[in-house]
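Data block below; observations after.
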Amino acid sequence: MSINHLIEKAKILLSKGRLEDAKKVFESILEIEPDHYKTITNIGAIYLSLDELVKAEEKFKRAISIKSEFEIAHYNLGITQKKLNRLNDARESFEKAISLKKNYVEAHTNLGTIYLKLDKLNDAETSFKKAIEFDPSFAEAHYNLGITQAKKFKYKDAEISYKNAIKFKSNFQEAENNLKKILRQNKLLLNIKSVQKKISINNNINSGLAKNPFISKRTVETELINELYKIDSIDLDETVDIRYGNGKCSDYELFENNSYILKKVEKELIEIMSEAVKSEIFIIESFFNILRSGSGLTSHNHLNDFDESHKLTDKKYSLTYYLSVGDQNCNEPGILKLFDPEIKILPSPGTIVIFPAGRQHSAAYGGKTDRVMIGVNFYSLY
C-alpha cells in the first residue's frame, strides 16, 4: 500500500476516534519513509490528544529538525509546552509559527493566551485583535479578547467582544456566562452611581458585621431542595474555583430561574440581607452547592479584581443559606469558621449567615450525605 493510501486510512481512523489504530498506521508509514515529517507531526498530535505530552514534544521537535519551516509542528509544539506550563517556550513556538505563516489565526490566539497568563495584557490584546483581523468570525479570539478587556476594566469593549464570540459560535457557554457577568457588573455600577447622587455614602463595612456575622433562620421547604436537584449543575472539581472540593454547583445566576419557589426564596433573602446591612442591596451572584465529603477545606474569601479596582471591597457581603447540613456525626461536620477574629458556627437546617465578603472562612465537610446550601454575594448600595 502506498504512503498516500496509508495516510488516507489513518485519517479515516482519526475521524472515528480510533487514535491508537491511526498511530499504528502512521508508524507503518515511517517504516517506509523514516523522515516523513508530516507523519511524525501527526503522531505527535495523537500523543497530544492522549495527554502524553513528553512523547508529543519529542515528535514535534523531531519533525522540526527535519523540516524547520513546518509551521504546524511549531504550533503544536507550542500547544504542548503551554500544557506543560512552559509559557516562555510556548510563546517562542507560537511566534515561530506566525513568522512562517502570518495569518495563522490559531497561533495568534494561543500567543495571546500566553500573554494573558503572563499578565501582559496589552500584548494579549494585540494578538487577539491580529487573529480577528485575519478571521473576523473566529469566536475564540473574540472570547479571549473579551477576557483581556475585562481585566483592563474596559467593560463596554468586553461586552462587545463576548457578544461577537456568541454570534460566531453557537452554545458558547463560557462567553455567555462572562457576558452576563459583565452586564451585572455594569448594572451594579449604575445602581451605585444612582444612589450616590441621592445620599451621602458610607463606605465602611457595617461595624457590627465586621466582627460578628448576622445570623438568621428561614424554614426550608422540601420543594426548594427538590427544585435545586433538578437544575443543571457541574462537578465542583471541574470548575476553576476548586476550593470547594467534592460535590456539585450551579452557575452564578440561580435567581434568574423563574420557578415559583426560587422567586419566593429570593424575595425573602433580599429582605434579610437588607436588614443585615441596613441598606438596599444588589445581588451580583447567586448559586447553590451540593457538598460532599472532602469539600470546603481551603480558607478563602469572595473578593475579586473588580471589587478592588472599583473600591467596592467594603460594600460586598456573602450569604450562606443552609438547606440541609448533611452528616454532622463525623470528624469534619462542616463547621463554618470565620477568621480574624475566629468564630465557629455549626449550622442547622435553615440557618442563614451573612458576613463581609472579604473575611476569610472555611467549612470543612467530611460527611457521607449531601450538604445543600444556597450562596449569595451582594453589595450594599449605601
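The values are calculated or read from the model by the stated rules, or taken from the named source; none is laboratory data. These numbers were taken from a predicted model, which means no experiment stands behind them. Note that each Cβ is placed from the backbone with ideal geometry, even for glycine, and that neighbours are counted across all protein chains shown.
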Item to check | Hey, residue 305 within 26 Å of the chain's Cα centre (by Cα) and assigned by TED's automatic domain parsing to the domain that holds residue 218 or not | outcome: yes
Checklist entry - Name the residues in the range 338-353 that are without any contact (Cβ under 8 Å) to a residue 60 or more places away in the chain and crowded, with 16+ Cβ neighbours inside 10 Å, would you? => result 347
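Would you mind finding the one in 287, 306, 282 that is within 28 Å of residue 147 (Cβ to Cβ), touching a Gly at 6+ places or on another chain (Cβ under 6 Å) and among the aromatic types (Phe, Trp, Tyr)?
287
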Item to check | First in the range 45-64 and assigned to a helix (DSSP H, G or I), second anywhere and of a type in the set (Lys, Arg), Cβ under 6 Å, 6 or more apart | outcome: 46/23; 47/55; 53/83
Checklist outcome for this item: Within the range 212-263, restricting to residues that are modelled with pLDDT of 80 or more and acidic (Asp, Glu), the one that is nearest to the chain's Cα centre (by Cα) is 251
Next on the checklist: Under 9 Å between Cβ atoms, which residue pairs at least 6 apart in sequence (or on different chains) link something in the range 167-182 that is over 22 Å from residue 135 (Cα atoms) and polar (S, T, N, Q) with a partner that is modelled with pLDDT under 95 and surrounded by fewer than 17 Cβ atoms within 10 Å (Cβ to Cβ)?
Outcome noted: 177/253
Item to check | Any chance residue 106 is in contact (Cβ under 8 Å) with a residue 24 or more places away in the chain, under 14 Å from residue 41 (Cα atoms) and among the acidic types (Asp, Glu) | outcome: no
Next on the checklist: Can you say whether residue 123 is without any contact (Cβ under 8 Å) to a residue 24 or more places away in the chain and more than 24 Å from residue 286 (Cβ to Cβ), as far as the supplied structure shows?
Outcome noted: yes
Next on the checklist: Among the residues in the range 366-373, are any touching a residue at least 12 places away in the same chain (Cβ under 8 Å), outside the structural domain of residue 155 (by TED's automatic domain parsing) and in contact with a His (Cβ under 7 Å, 6 or more places away or on another chain)?
Outcome noted: no
Checklist entry - What is the residue count in the range 7-27 for residues that are at pLDDT below 90, closer than 14 Å to residue 41 by Cα and of a type outside the set (A, V, I, L, M)? => result 2
Item to check | Count of residues meeting criterion [among the aliphatic types (A, V, I, L, M) and surrounded by fewer than 17 Cβ atoms within 10 Å (Cβ to Cβ)] in the range 274-312 | outcome: 1
Item to check | Those residues of the range 50-60 which are farther than 10 Å from residue 80 by Cα and under 27 Å from the mean Cα position of the chain (by Cα), in sequence order | outcome: 50
